[in-house]
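Read the figures in this text as sums done on the coordinates, not as results from a lab. Just so it is clear, the model here is predicted, and its values are computed rather than measured. Please note: Cβ atoms are built from the backbone with ideal geometry, for glycine as well, and neighbour counts cover all protein chains shown.
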Amino acid sequence: MLLRKIIFILAVTAFLPLSAHADSLLPELPKAKKNYNDQTKCVEPVEVMRKSHMDFIMHQRDDTLRKGIRTKQHSLKECIDCHNAPGKDLKVASANDSEHFCSTCHVYTAVQIDCFKCHADKPENTQYRHKITSQAFKQHKFAAQNLNPKTLQLLATEKEGHK
Amino acid sequence: MKTIRFTELEGRSPGFFALMAILIAIIGAGIVSALMMHGQGHHITGMTNRIVWGTPHVFAVFLIVAASGALNIASIASVFGRTVYKPLSPLSMVLSVTILVGGLAVLILDLGNPEHLLDVPLTQFLYNSMPSRWTRSVFGWNFILYTGFIFVVGIYLWFSLVPQYKKFSKAASIFAFVWRLALTTGTGLIFGFLVAREAYDAAILAPMFVVYSFAYGLAIFSLVLIPTYIWTGRELGDVIVNRLKSLLGIFVAASLYFVIVLNLTNFYSAAKGEGIQSFLLFGDNSYSSAFWIGQILIGSILPLAIAFYPKLKARGALLTAAAMVVVGGLSQMYVTIIGGQAYPMDMFPGKTVESITNDGGIAAYSPTIYEVLLGLAGIGITIFLVVFAMNVLRILPESLADKDVDPHHSA
Amino acid sequence: MSRKTNQSEGKINQYRRNFLARTTAIAGMTVAPGVILNSVAQAKPVDQPASNKNRWGLLIDANKCSSGCNSCVTACHEENGVTGFGNPETDAQWIRKVKLTDKQTQKVQTIPLMCQHCEHPPCVDVCPTNASMKREDGVVLVDKHACIGCRYCMMACPYGARSFLHEPTTEQKYPRGQGTVESCTLCVHRIDDPNGPRNPACVEACNAEGHKAMWFGDLKDPNSEITKRLKEYGGVQIRADLGLNTGVRYQNLS
């Protein structure tokens, strides 16, 4: 963990001065949807976020899951909602795409994260989400087509079963 | 009694390299299987939400139980003062550690998220280390017992190999003996404390696993010792082999005793007797065959007969009996672990239960090649490590001929 | 530290007072007690942790559960984004319908079965990494950040309520990932709703179907619908012999 952090900080600080050059090889971060507030822009000052975003997220995750504290400031879901908002073409990058907000940097610095093995990598309740939901629903229906008749039949027969 | 000289193996013959190459191939196949399970998900195995522990666990638990048993030779020599076993002590210690490493490797490689072992936040690790927590999780104890075992036996080995520390080795041996008893008890209680499952939930499982460990460990020990001495051309007399053979017989008999007690107890209860007990022992399934043919016939009766039938050639008899005990042990774990899960839990007494997850029915299980390869890799790791250790450490006596091990022997 | 705690406790007491006042008022207004929805319980402010002053649970009436209906299962899996791969043996089942036939009388009943949210959960006891955990308000969850996927909790659970994710997952709604164990969360995201606890998806679906076989509520609140019903009609725990004090109770299971 510590090692990863060190590598990440080194990588970020080493390349930060370069970011002024638009034509550099540096990843281009997608713009956030809106500012958290006018002073800090992001939920913490930007330079703090660059360095310590993982600590905020880590702390929040235990608070949320284990205690049920659901403040939004440091919530991963809010990060995704704001930073991975759908573009004009309504397309939303997935964590495997290099355009994904997290992937842009993490691919660049070769720091692997496994957040999206479990967490949604896209915002919910955007227009695109509608499509996904129906997709998921289809997938579910697909599963249901395979499974439900059996159960339904099983459940529908009031008589003694075959067993 | 002559001083026993311990030397390393030479380790330069083509046969040696061939053996190591085969072992590396076996280990590699297991690791590839594990990577595939990890990449594609456990659906490529035969394990399901009903049979949550499968073939890898059969191998892993067998090896972990055997590990503590392999230490027995050293314990008998120093804790119980049977000096004839003294020359075998270092091998016994090293083997016990390598078997444990092999077993744990299988267990860890089978995890759904082994990388989380490194990622579990420190706060949670500390929380778990608090007595209030880990006294509840048998796995929690076992984390400490398993890692501690390697450490404790390591010190024991160090004390007994380095002359100036020899005076501490008796104390170390007693400590290691107590530790190994705790370890096997803990392993037995992984199952013993599963209150929800009829197949387990019995305190007898703890001493039972301890007795199994004696037999399994000695069997693996014999299977390592005899081929090593034959292939390296070192002398191995019948005195030691016959002793090991009788010892194996006694351990197998003791295991059989526990099996009989547990099964009779289970038959006495009407619920278990007509349910899971009949299923495991007399059902039309692989578990009853594994029990009668694997565990009882091959694993108990035949080795007993071989061990106590005097007219057989000592080495061949011990090798055969030991191999049978290993087969029997794996069968036993198969019946206990997989058979115990296959039978439905009795959630609704007096009712038949039907559901999409087949709650009231027997769970199907057919292992896939990935699981088997992963399990075999555990054995591969064990043998690879012990052969490697024999090459770098002086743990093998140059001769175990009768005149060297038995002071009263007259040739 | 201590002052902060006192403050937040004071806050909580305030909420409780408000809540009690509100419920009494509502109880006074309503004619039929069954009409009050459980969702009237007080809202937990988002910055407050779940409290052991609540214990969330379910009550299920086996007589009202319709044998041909699977809507609680569908709703749960839709709500939580639990998708299958066409194999019931390895697919996650957060909730399932169970058909019971009495061996003596041949009476058939169906009930939904899910995590029973025990007070003394065996899954939590056996977990080596403390991933399997119980919230202060009694909801049993898996912390997938800490879950190593050993499945010991599945061995320990008397209800077969947990599933191991055998496949890689994408398009999650709520966190779930390959190689970890999961089960019913009692729709914990709804419990923590800033506007007050809402019925879990299964209960909502059951009500929508008109069966009204499930109640969700606070077992520690003497005025909650679930407590009153339990008090009046009783309820049983599955595997009560294990002494786990489950948060899910069943009525008319005979």
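List the aspartates and glutamates whose Cα sits under 18 Å from the Cα of B:Lys313, skipping any in the same chain fewer than 8 residues away.
Of all the aspartates and glutamates, those that pass the test against B:Lys313 - Cα under 18 Å, at least 8 places apart if same chain - are B:Glu235, B:Asp238, B:Asp402.
Please report the spacing between the Cα centers of the stretch B:62-95 and the stretch C:58-79 in Å, no decimals.
58 Å
Most exposed first by the Cβ proxy, i.e. fewest other Cβ within 10 Å, how do B:Ile296, B:Ile4, B:Ile27 rank? Write down the numbers at each step before the final one.
On the way: B:Ile296 19, B:Ile4 14, B:Ile27 22.
Least crowded to most crowded, the residues run B:Ile4, B:Ile296, B:Ile27.
Can you give the calculated 222 nm mean residue ellipticity of chain B, where each DSSP H run of n ≥ 4 adds -39,500 (n - 2.57) and the sum is split over every residue, rounded to the nearest 500 deg cm²/dmol?
Computed mean residue ellipticity for chain B: -20500 deg cm²/dmol.
Label the stretch C:95-148 by shape, choosing from rounded, prolate and oblate, from the square roots a ≥ b ≥ c of the eigenvalues of the Cα gyration tensor; if a/c is under 1.5 it is rounded, and otherwise prolate applies when a/b is larger than b/c, oblate when it is not.
On the way: a/c = 3.06, a/b = 2.93, b/c = 1.04.
Here the stretch C:95-148 falls in the prolate category.
Residues of B:22-30, mean number of Cβ from any other protein chain within 10 Å of their own Cβ, rounded to a whole number? Don't skip to the end; give the middle numbers.
Numbers: counts 0, 0, 0, 0, 0, 0, 0, 0, 0.
Shielding by partners across B:22-30 averages 0.
What FRET efficiency do you get for B:Trp231 and B:Asn285 if R0 is 45 Å and r is their Cβ-Cβ distance, rounded to the nearest 0.05?
With R0 = 45 Å, the Cβ-Cβ based efficiency is 0.65.
Once Rh for chain B is found with the Kirkwood sum over Cα pairs, what is the Stokes-Einstein diffusion coefficient at 4 °C and 1.567 mPa s, in µm²/s? Walk me through the intermediate numbers first.
Values: Rh = 22.4 Å.
It diffuses with D of about 58 µm²/s by this estimate.
Check the straight Cα-Cα distances from C:Lys212 and name the aspartates and glutamates below 15 Å, setting aside those fewer than 8 residues away within the same chain.
Straight-line reach from C:Lys212, under 15 Å: C:Asp61, C:Glu204, C:Glu225.
Once you put a point 7 Å from the Cα of A:Arg50 and another 7 Å from the Cα of A:Asn96, both along the Cβ direction, what distance in nm separates them?
Simple spin-label model gives 3.1 nm for this pair.
Which order results if B:Glu198, A:Glu99, C:Glu182 are arranged by neighbouring Cβ count within 10 Å, fewest first?
Details: B:Glu198 20, A:Glu99 16, C:Glu182 24.
Placing the least packed residue first, the sequence is A:Glu99, B:Glu198, C:Glu182.
Can you list residues from other chains, or at least 5 along the same chain, whose modelled amide H is less than 5 Å from the amide H of C:Val248?
C:Leu58
So what is the relative contact order for chain B, in percent, with contacts set as C-alpha pairs under 8 Å and at least six apart? Mind dumping the intermediate values first?
Working: 626 pairs, mean separation 134.6, N = 411.
Computed over chain B, the figure is 33 percent.
Going down the table (C:Lys103/C:Lys220; A:Lys31/C:Lys44; A:Lys77/C:Lys99; A:Lys51/A:Lys91), which pairs top 32 Å between alpha carbons?
On the way: C:Lys103/C:Lys220 36 Å; A:Lys31/C:Lys44 34 Å; A:Lys77/C:Lys99 39 Å; A:Lys51/A:Lys91 29 Å.
The answer is C:Lys103/C:Lys220; A:Lys31/C:Lys44; A:Lys77/C:Lys99.
Work out the FRET efficiency for B:Lys403 and B:Ile250 from their Cβ-Cβ distance, taking R0 = 22 Å, and round it to the nearest 0.05. Please report the intermediate quantities before stating the final value.
On the way: r = 26 Å, r/R0 = 1.18.
The value I calculate is 0.25.
Starting from the 7 Å offset along Cα-to-Cβ, what nm value, one decimal, do you get for the label separation of B:Trp158 and A:Asp62?
Rounded to a tenth, the inter-label distance reads 3.3 nm.
In a Gaussian network model over chain B where Cα atoms closer than 10 Å are linked, find which of B:Leu91, B:Leu248, B:Leu262 has the largest mean-square fluctuation.
B:Leu262
Is the shape of the stretch B:353-405 rounded, prolate or oblate, going by the alpha carbon gyration tensor and its root eigenvalues a ≥ b ≥ c, with a/c under 1.5 for rounded and a/b larger than b/c for prolate? All intermediate terms of the calculation are to be shown ahead of the outcome.
Details: a/c = 6.10, a/b = 3.19, b/c = 1.91.
Prolate, since a/c reaches 1.5 and a/b exceeds b/c.
So if R0 is 25 Å, what FRET efficiency would A:Ile113 and B:Val32 give, r being the distance between their Cβ atoms, rounded to the nearest 0.05? Working shown, then result.
Values: r = 26 Å, r/R0 = 1.02.
FRET efficiency, A:Ile113 to B:Val32: 0.45.
Run the reach check for B:Lys166 against aspartates and glutamates, Cα to Cα strictly under 15 Å, same-chain hits fewer than 8 apart removed. What comes back?
Of all the aspartates and glutamates, none pass the test against B:Lys166 - Cα under 15 Å, at least 8 places apart if same chain.
Please say if the stretch C:148-254 is rounded, prolate or oblate, where rounded means a/c under 1.5 for a ≥ b ≥ c the square roots of the C-alpha gyration tensor eigenvalues, and otherwise the choice is prolate for a/b larger than b/c and oblate otherwise?
oblate
State the extension gain, in nm to one decimal, for the chain segment bounded by B:Phe308 and B:Ile174, taking 0.36 nm per residue of separation less the distance between their alpha-carbons. Display every interim value, and only then the final one.
Values: separation 134, 0.36 × 134 = 48.24 nm, distance 3.01 nm.
Computed gain between B:Phe308 and B:Ile174 is 45.2 nm.
Across the stretch C:219-228, in residue order, what do the Karplus-derived ³J(HN,Hα) couplings come to in whole Hz, using 6.51 cos²θ - 1.76 cosθ + 1.60 with θ = phi - 60° and x for Gly and Pro?
5, 8, 8, x, 9, 6, 3, 5, 5, 5
Taking H as built 1.01 Å from N, whose amide H comes closer than 5 Å to the amide H of C:Lys220, not counting residues under 5 places away?
C:Arg55
Within chain B, which whole H helices from DSSP have a Cα span along their axis of at least 18 Å and a mean Kyte-Doolittle hydropathy of 0.0 or more, if any?
Details: long enough: B:14-40 (38 Å, 1.77); B:55-70 (22 Å, 1.69); B:89-110 (32 Å, 1.97); B:138-161 (33 Å, 1.70); B:169-192 (34 Å, 1.08); B:205-232 (39 Å, 1.63); B:238-268 (45 Å, 1.34); B:314-333 (28 Å, 1.31); B:369-392 (34 Å, 2.12).
Helix filter hits for chain B: B:14-40, B:55-70, B:89-110, B:138-161, B:169-192, B:205-232, B:238-268, B:314-333, B:369-392.
Sorting C:Asp218, A:Asp114 on the 10 Å Cβ count, fewest up front, what's the list?
With the fewest neighbours first, C:Asp218, A:Asp114 line up as A:Asp114, C:Asp218.
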